[in-house]
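I have placed the structure first, in the form of structure tokens, so that the comments after it can refer back to it.
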Amino acid sequence: MNTIIQNILVVTALVLAVAFLVKKFFWTKKASTKSCGKDDCGCH
Amino acid sequence: MGKQINVALIGNPNTGKTSVFNALTGLNQKVGNYPGITVEKKEGVCKLPRGVKAHIIDLPGTYSLNASSLDENVVIELLLNKNDKDFPDVAVVVSDVENLKRNLLLFTQIKDLEIPTILVINMADRMAYKGISLDIDVLEKELNTKIALVSTRKKTGIDDLKNLITNFRDLPTQPCLNAREIDPDYFTRLQSAFPNQLLYKLWLVITQDVNFGNVSRKEVDALDDFKTKSKSDLKRLQQKETIKRYQFINNTLKKGQTIDLAAAKDLRIKLDRILTHKVWGYVVFFMILLLMFQAIYDWSSIPMDFIDGLFASMSEWTKDHLPQGQFTNLIAEGIIPGLGGIVIFIPQIAFLFLFISILEETGYMSRVVFLMDRIMRRFGLSGKSVVPLISGTACAIPAVMATRNIESWKERLITILVTPFTTCSARLPVYLIIISLVIPKGRFLGLGYQAMTLMLLYLIGFGAAIGAAYILNKVLKIKNRSFFVVEMPNYKLPLFKNVALTVIEKTKSFVFGAGKIILAISIILWFLASYGPGDDFNNAEAIVTSQYSKENLDTETLQQHIASYKLEHSFIGLTGRAIEPLIQPLGYDWKIGIAIVSSFAAREVFVGTLATIYSVGSDEEDTIKNRMAGEVNPILGTPLFNFASGISLLLFYAFAMQCMSTLAVVKRETNSWKWPTLQLAAMSSFAYIVALIAFQVLK
């Protein structure tokens, strides 16, 4: 039982680590085009 | 009341704006970026009297509202857009008592936006020293505002400022200058075209091409009955506006300020004569660098040894006290050694930033920029390139972004391309561990060989940057040059609070920025080193036991052979073996190869990777340094980290473009993959060749 739990934790940690690195280096956030208020003020 | 108000802290560079911000917010501050752009956004919270809370934004330093850079644009866009969630209820303009005339230009412009504005006259403690006296009542009357006379150094005036912010509703909002005075006919027509808009805001929309509310430059241009002026006419009107403002400021200061030049004691001129001297200036700078690196070594050895031992004990404790299994192994052999590889360098990083921060706070850094400009110009760079190159000692990413104030595109491009040569803080862990392994501890004239090697690496990095700039200058044929103006702030004793906050903030960003990447990479590396494909890995125990069956090895030695065999046949071992032929001529083995590949994410990962690889399968409590010192080159039979391979590695890291994030920023700043690709190829090839020559000559 202990072995199974430990293996699950290892796999979870691995998946989280890979996901973090992919997000960090390959995921590009879209820059916000409306950053200056509630209305469309067209500010750039 | 329990209400939160927005306060914008605005001012010219070098007026002590950040000191006022620190005095108001203490540690309740955070640093981020403005949305969509990479200009640093500093904000914090300050508790005011009567339970009012102030959300304070430290806006980028600007000389006027006539923006010429992205930083300055941020200030204008915030002040013009009432819909912005950060739009200030009150603007606090910070000025320096010694440069009041120049600083008041920005104040009058902000006041004309009819935002409640408080004037902070900072560095009040220098008034007597400089023979300055102010009549605050007269100045308040003339400028139609409230003034806080502040000295962040002596901690005076901050409570008055807090009271003024709390009572911001009592502040008059009448403008200093009637915009119509600039050109009555033109401004009358402008006002008639937009009767509900503030005239000065309209003027900024036209001259700065920024939009606010529902009025944009295009709309102004589109109006049939209102013809805006040509660019040159608008420039002429802007000049007229500036003259009008200075006339107003001169009249105001004549009434409220007196300067007794006879009473002014100027140490500054005497110091500048030495510190910016064409010979002594460089000698002093060199001596300061030497002392700095020596101190970094001497002061940090005790805390570093302590941290190293602590992490080794933590690994041991984890193995002994947690239930046996792979997750425990992951923590003990992967995560703890990996993180230990970064935490150990906190003392040295903190001391480095302590010195840099003190040099900046005292005003000496501006003199260094001035000194370096003389060298820069010979290599085809502008003086403005000095700032990115010097800030590159912290990190290349903000340094590349700092090139935005270089007007000439070619000069900017060259600066972007050469900045990653300067030694950033991420190289420091790599340098420090290799130096400690291959450079003897002896001293020459009281200066340690190790400290001198470190300083030499910084100088090599800087030399490579200007050398590369010289070549690029010839290749790219720069014809246009930008002018260089640097403001020399007065010499000051550094404020402990400012220095401490800088050290904390920089060290935190180093540890947490790199720490998360290192944690993730440590987990992946441990997995790749603990698992492998095929029978060789799965039957490692049986294979090794039968191999050594005749040698009668004790259990511990046999276990070490099994662990070593497993590591060689793990995923990471196989990958390392595949790249080994490429790096063997440089004196490295496959484990160093893996560390070099993984440190492409961030250079400091190098040490963490080796710590993780050397820990996998090891039951002994040992420090990273000892493990590295004990590694043997399987071919030569000599210590793996010897003088030749160590120097080769140091030079490789000095020149290689080992940073994914920097490449991403270069791509964004140049808007092309061409430049980062060329940069990566050129720097990596150069690093490889230099490292190869170094090893082959020294081995």
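The table that follows gives values for the structure above.
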| item | result |
| --- | --- |
| Residue within segment B:82-103 that is farther than 16 Å from residue B:64 by Cα, more than 14 Å from every other protein chain (Cβ to nearest Cβ), of a type outside the set (Val, Ile, Thr) and part of a helix (DSSP H, G or I) present | yes |
| Filter result for residue B:478 (crowded, with 16+ Cβ neighbours inside 10 Å and either at pLDDT below 80 or away from chain A (no Cβ under 14 Å) (or both)) | yes |
| Meets criteria (under 21 Å from the mean Cα position of the chain (by Cα) and either within 25 Å of residue B:624 (Cβ to Cβ) or in contact (Cβ under 8 Å) with a residue 12 or more places away in the chain (or both)) for residue B:370 | yes |
| Search result, residues across segment B:496-525 that are out of contact with any helix residue (DSSP H, G or I) (no Cβ under 7 Å at 6 or more places or on another chain), at pLDDT below 80 and either away from chain A (no Cβ under 14 Å) or surrounded by 20 or more Cβ atoms within 10 Å (Cβ to Cβ) (or both) | B:509 |
| Residue match in segment B:240-250 (condition: farther than 30 Å from residue B:432 by Cβ, in a strand (DSSP E or B) and modelled with pLDDT of 85 or more) | no |
| Among residues of segment B:432-452, those that are surrounded by 13 or more Cβ atoms within 10 Å (Cβ to Cβ) and in contact with a strand residue (DSSP E or B) (Cβ under 8 Å, 6 or more places away or on another chain), counted | 2 |
| Residue list for segment B:336-365, restricted to those being within 14 Å of chain A (Cβ to nearest Cβ) and surrounded by fewer than 21 Cβ atoms within 10 Å (Cβ to Cβ) | B:339 |
| Those residues of segment A:1-20 which are within 7 Å of chain B (Cβ to nearest Cβ) and at pLDDT 85 or above, in sequence order | A:6, A:7, A:9, A:10, A:13, A:14, A:17, A:18, A:20 |
| Matching option when the condition is assigned to a helix (DSSP H, G or I) and either farther than 25 Å from residue B:694 by Cα or over 34 Å from the mean Cα position of the chain (by Cα) (or both), among B:564, B:549 | B:564 |
| Qualifying position, being at the interface with chain B (Cβ under 9 Å from one of its Cβ atoms), modelled with pLDDT of 50 or more and under 30 Å from residue B:77 (Cβ atoms), among A:29, A:24, A:38 | A:24 |
| Near pairs, Cβ below 7 angstrom, 6+ apart or cross-chain, from segment B:319-347 (outside the structural domain of residue B:612 (by TED's automatic domain parsing)) to any residue that is modelled with pLDDT of 90 or more and among the small types (Gly, Ala, Ser) | B:330/A:13 |
| Contacts under 9 angstrom Cβ, first residue in segment A:1-13 being on the phi < 0 side of the Ramachandran plot, partner among the hydroxyl-bearing types (Ser, Thr, Tyr), 6 or more apart | A:6/B:328; A:10/B:530 |
| Single residue of segment B:259-290 satisfying the filter (within 28 Å of residue B:129 (Cα to Cα) and exposed (fewer than 12 other Cβ atoms within 10 Å of the Cβ)) that is modelled with the lowest pLDDT | B:265 |
| Residue B:593 being modelled with pLDDT of 85 or more and surrounded by 19 or more Cβ atoms within 10 Å (Cβ to Cβ) | yes |
| Those residues of segment B:134-169 which are among the hydroxyl-bearing types (Ser, Thr, Tyr) and out of contact with any helix residue (DSSP H, G or I) (no Cβ under 6 Å at 6 or more places or on another chain), in sequence order | B:145, B:156 |
| Residue in segment B:623-642 that is among the aromatic types (Phe, Trp, Tyr) and either without any contact (Cβ under 8 Å) to a residue 40 or more places away in the chain or assigned to a helix (DSSP H, G or I) (or both) present | no |
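The values are calculated or read from the model by the stated rules, or taken from the named source; none is laboratory data. Treat the numbers as computed from the prediction; the structure is a model and nothing was measured. Reconstructed Cβ throughout: ideal geometry from the backbone, glycine too, with neighbour counts over all protein chains shown.
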